[in-house]
Each structure stands twice: as structure tokens, then as C-alpha cells.
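What follows draws every value from the coordinates through simple rules; no lab data is involved. Worth saying up front: this structure is predicted, and the values here are computed from it rather than measured. Quick reminder, even Gly has a Cβ in these numbers, built from the backbone with ideal geometry, and neighbours come from all protein chains shown.
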Amino acid sequence: MDLFSTYIQIDKNENLADSILIPCKKILSELPHDNRYKYGKTSYMEKTMEKYEKSFKPLYDFILLNAHRYCEHIKMKKDNLKINILNLWISEMYKYGSHGQHGHPGSQLSGTFYVHVEPNSADIILCRHECLGDPLAHYDYSEYNNYNSNEWRIPAEKGNILIWKSDLPHFVETNESDSRIAISFNLGITQ
């Protein structure tokens, strides 16, 4: 019997990634260096995106479309369902950049959209909710599957969007490419 499962919504739109690459690069070029983000740049906590808002309208639509698909997949009631983009930020990770394990409290869904992915760009690693306290985590298995794996690696691919529950722990290992541009976001849901 399967008791619990975590769903990840995945979709792809490479043309959308191509169409927003130039505005992303403009925003990144205007960002100051931040010691909290050593090997790259991020618009997180910055207001730089506001003047390029119109360029990202197709992305907002794509995010909301996939968020609704996520809710439909988990059988959330559609009556009065409203999904809002709470915040959204662009990050470019250079060689040797990484993100430690974290979640996104204060929202219901989170996700990322890959705009530019060079060869050897770091994947995202999604972790089982109980990964830090799993009493069977350090044993060897003849085959890894949904029951015994604490981490799932999803390759960074241009045009891919991933959406998950905001409390799902995730991280990015050391990036080995010169440039990996992703747009991350948090979504709020009301019924």
C-alpha cells in the first residue's frame, strides 16, 4: 500500500525561454554584486524586474497554467480557486555556484523555470520531506525507488518548468558551467 506521495509538475517551453533570455540578461547586468550570492547574481530582494514586467507576461501565464495543472492533478477543488504569483526572481549561477538545502515558507507552491542552461549546468535536487530524520537513509539498497530514495535529481534543461509544494526541501549542487539562468517563484493559493 502506498500512503503518501509528492507530485512535481513538469512542462517545457523552449520558445518561451528564448523570448525572455534578453530581458533576463538586461536585468542581470543591472544587478550589483552581492556577497550573499558569491558565484552569480540574483534579483531576489531587488526591484529591477518591475521595468521589464511586460516582457515576462507570457512566463506569468505559463507559470499559472502549470500551477492550475498541479492543483488539478492533486484533485484540489476548482471552485473559487485563485493562484497568485507572490514573488519571482532571476538568478544566474556561474561556475562553482550552488544553493544549500532550503524550502520556501510563506507560500503554497514554488518552482523554477530554466531560461539558459549551458552544458555541465547543475541539476536541482529535490528531497523527501523526512530526509533529515529518515532512520533508513544510510542503508544500501539493491535498487533505488520511491520507497527508499531521499533525493531525486531533475536535470536543468532550457524551457523546463518545475512546480512543487513550497515546503519540499531542495538544493543545487556545485555548478560546473559558466552560466545557468533560472527564474524561481513562489505562489499563493486561495479558495
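Structure data summary
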read-out: FRET E, pair Asp34, Tyr60, Förster distance 25 Å, beta-carbon r, rounded to 0.05; value: 0.50
read-out: Where no second cysteine Cβ lies under 4.7 Å, the cysteines concerned in the chain; value: Cys24, Cys71
read-out: Cβ-based charge dipole, the stretch 9-190, positive-most Cα from Ala122, His68, Pro105; value: His68
read-out: Eligible lysines near Lys38 by straight Cα distance, threshold 19 Å, same-chain separation 8 or greater; value: Lys25, Lys95
read-out: Charged-residue dipole, Cβ positions (Lys, Arg, Asp, Glu), the chain about Cα centre, Debye nearest 20; value: 740
read-out: Separation of alpha-carbon centers, the stretch 122-148 and the stretch 64-102, rounded to whole Å; value: 23
read-out: Filter on Lys77/Lys158; Lys12/Lys57; Lys26/Lys165; Lys26/Lys47 - keep pairs with C-alpha separation over 24 Å; value: Lys77/Lys158; Lys26/Lys165
read-out: Label selected from (i) 113; (ii) 124; (iii) 142, the criterion being volume of the Cα convex hull per residue in Å³ as computed here; value: (iii)
read-out: Inter-label distance, nm, simple model (7 Å from Cα along the C-beta direction), Asp2/Glu118; value: 3.9
read-out: Order of His129, His104 - criterion: other Cβ atoms within 10 Å of each residue's Cβ, fewest first; value: His129, His104
read-out: Point-to-point label distance, Asn145-Glu130, nm (Cα→Cβ direction, 7 Å offset); value: 1.8
